[in-house]
Amino acid sequence: MSDPIHVQLTRRAWLAGVGLAGLVGCGRNQPTVESLPADAPLRFPGKVPMRALNHRPPCLETPWRYFQTDLTPNEAFYVRWHLQVLPNPIDVPSWRLRVDGHVERPAAFSLDELRRMPAEEVIAVNQCSGNSRGLFQPALPGAQWHNGAMGNARWRGVPLRHLLERVGLKAGSVEVAFEGMDRGGLPSVPNFVKSLPVDRARDREILVAYSMNDAPLPLLHGFPVRLVVPGWYATYWVKSLESITVLTGPCDNFWMKTAYRIPTTANAVEKPDQLAKVTVPIHRMNVRSFFTLPETLSPQVGKPVELNGIAFDGGSGIARVEVSTDGGTTWQAGELGPDLGRFSFRRWYWTWTPQAVGEQRLLVRATSTTGETQPLTEGWNRAGYMRNVIEAVRLEVRA
Amino acid sequence: MSGRGIWLFVLVGVLFGGAGVLSWLGTRYSADLSQASAQDLPVPQPSVDGPIVSLEMPHTEPLLPPGPNREQFHIACTTCHSTRLVLTQPKLTAAQWTASVQKMVKVYGAPVNSDQEKAIVAYLLAIQGQ
């Protein structure tokens, strides 16, 4: 009786073995992880495949085609964490946002309480201080971002000012510090704490946000709540907030006193052999503009083609965007798209009729409502912050 | 054909048929991926509605290239960040790598003494451009 069963099992085992051998064989011919470039796209939960500069902690860059829309979808929005132990998992019922320090009535709020408070919305660009660092010459250490460490989203949440009024600032308040829930790989790694001057913290556009593009804030973007500081670099937009502390003096931790500082020179420019002696915490974003052209664009000589892109600055708003086809000697004004607010990407359009066949180089330049514009040659600083050189695009014109 | 023979025939049919279906699904799936632009594919969003919100993070790391002091580098540096951060850096000078390693020690408390610091910088210089 045992023989037929034995035979059958053996056949099954043999078939399974053949199948397994096939799989292993196929695997041999596939590219392996170690054969890919180190920044090869990675897919995180809820995200499209994104260029990964680091994944522990995650630093993921938005693929350029996603800037063809005014709002950057959450699934393609860039990600940048500092400390590798992310708040994961988060126990929502026990989570509280503490607001204390130099205040009359220290308080702690649950996510439900925050969601029931009067809410406001703002469409604002979130851009990493080091966006485009990887394009600097000479090269700089640090996350090697191309231009995709930025995004534009509709943020919704409680105005920070409302929370500060609830707890009541005492006389002599100087700064407000914000601490995230992420932690370093060693206890000696300083927690991520950033601060704003108290007057800036009271500005009405600053939010403690729980919603991003009409969806609950994803964990990779700072669930349950993150700070939104429209017009200022993303280093202040602390993710997964756990405490807000009112201080009687400047916050002098590593993240404020040593990191994220810029020279006081115009546009934060210095020379490698002549570093600025005085530095201040980075703050307002400078003005930038970009082409966001479809990859399939194929301009033809003599045929008008509409080009477009985005522009933004630190909150004064975009006054004009111009394009040059002669290396910056002359500039032609483009048209501005819908105004989504002074902190948002502003779409621009310009119709081009190519005059010659072959490769053509186009430049784009934005000017803010305060008259600030972009330099034709790149300004350098030691940390690779605030790059805003005029961008160029090369297009092949066909006959 | 005996009873057992028929069952074997059916079993082989099911196995080959199943393999065929799987292979057909496989070609369909890869064909879909190649035709649609990534922008058009909806990405399911992990839920943040429940009491416990969590994500399963990808954790595959690029392997470190062979070189002198590779193990010392691995132990001292990858406690706090992935190998990817290091392997995506541009070509840097010995002075720049030394400054980076010293920052890790002074600011973040990386467990590295001065001998290990030199060994780690030597490894970083050796693997550049590989």
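Worth pointing out:
- Hull volume in cubic angstrom per residue (convex hull over the Cα atoms of the stretch B:70-128): 74 Å³
- Only Lys, Arg, Asp and Glu carry charge here, each on its Cβ (+1 for the first two, -1 for the last two); on that basis the stretch B:70-128 has a dipole of about 180 debye about its Cα centre.
- Estimated dipole of the stretch A:148-190 in Debye, rounded to 20 [Cβ of Lys and Arg +1, of Asp and Glu -1, Cα centre]: 220 debye
- Annotation: B:SER47 carries an accessible surface of approximately 80 Å², with a 1.4 Å probe and no ligand, DNA or RNA atoms counted.
- Proximal charge balance of A:TRP350 [Cβ under 14 Å; K/R count +1, D/E count -1]: 0
- Positive dipole terminus of the stretch A:248-384, leading residue within A:LEU293, A:PRO281, A:GLY334 (C-beta point charges): A:PRO281
- Members of A:LYS257/B:LYS118; A:LYS170/B:LYS106; A:LYS257/B:LYS91; A:LYS170/B:LYS103 lying beyond 30 Å, as alpha-carbon distances in this model show: A:LYS170/B:LYS106; A:LYS170/B:LYS103
- Accessible-area value, A:TYR385, 1.4 Å probe, nucleic acids and ligands omitted, Å²: 20 Å²
- DSSP loop GluC sites (Glu not before Pro) with at most 12 other Cβ within 10 Å: longest gap in chain A: A:105-294
- Taking 0.36 nm per residue of separation and subtracting the Cα-Cα distance, full extension of the segment from A:GLU121 to A:LEU36 would add 26.5 nm.
- To the nearest 10, the accessible area of A:TYR260 is 20 Å² with a 1.4 Å probe.
- Take the Cα of A:ASP70, go 7 Å toward its beta carbon, and the backbone nitrogen atoms of the stretch A:304-319 under 18 Å from that spot belong to A:307-319.
- Using a 1.4 angstrom probe on protein heavy atoms only, the contact between A and B buries about 4200 square angstrom of accessible area, both sides summed.
- Each label point was placed 7 Å from the Cα along the Cα-to-Cβ direction; for A:VAL174 and A:ALA392 their separation is 4.7 nm.
- Extreme residue, positive dipole direction of the stretch A:288-397, given options A:LEU307, A:VAL397, A:ALA319 (C-beta unit charges): A:ALA319
- In terms of its alpha-carbon gyration tensor, chain A comes out oblate; a/c meets the 1.5 threshold, while b/c is at least as large as a/b.
- Per residue accessible area of chain A, 1.4 Å probe, in Å²: 43 Å²
- Helix-derived mean residue ellipticity, 222 nm - over chain A, DSSP H n ≥ 4, -39500 (n - 2.57), to 500: -3500 deg cm²/dmol
- Estimated FRET transfer efficiency (A:SER316, B:ASP115; beta-carbon r; R0 60 Å; 0.05): 0.70
- In the stretch A:288-397, the alpha-carbon atoms span a convex hull of 112 Å³ per residue.
- Each of A:ASP203 and A:VAL280 was given a label point 7 Å from its Cα along the Cα-to-Cβ line. The distance between the two points is 1.3 nm.
- Other-chain or far-sequence residues with amide H under 5 Å of A:ALA319's (modelled H): A:THR367, A:SER368, A:THR369
- Pairwise label distance in nanometres, B:THR93 with B:VAL107, each label 7 Å out on the Cα-Cβ vector: 2.0 nm
- J(HN,Hα) series, the stretch A:268-283, from Karplus relation 6.51 cos²θ - 1.76 cosθ + 1.60, nearest Hz, glycine and proline x: 6, 8, 9, 10, x, 9, 8, 6, 5, 7, 9, 10, 10, x, 4, 8
- Karplus 3J(HN,Hα) series, Hz, for the stretch A:292-299 with 6.51 cos²θ - 1.76 cosθ + 1.60 (x for Gly, Pro): 10, 9, x, 5, 8, 4, 9, x
- Placing unit charges on each Cβ (+1 for Lys and Arg, -1 for Asp and Glu) gives the protein assembly as shown a dipole about its Cα centre, and among A:THR373, A:GLN84, B:GLN128 the Cα reaching farthest toward its positive end belongs to B:GLN128.
- Debye, to nearest 20: dipole size of the protein assembly as shown, +1 on Lys, Arg Cβ, -1 on Asp, Glu Cβ: 440 debye
The values are calculated or read from the model by the stated rules, or taken from the named source; none is laboratory data. Remember, predicted model here, so these are calculated numbers, not experimental data. Using ideal geometry, Cβ is built from the backbone for each residue, glycine included, and neighbour counts are taken over all protein chains shown. Side chains included, ligands, DNA and RNA excluded: accessible areas come from the protein's heavy atoms. Shrake-Rupley method; radii C 1.70, N 1.55, O 1.52, S 1.80 Å.
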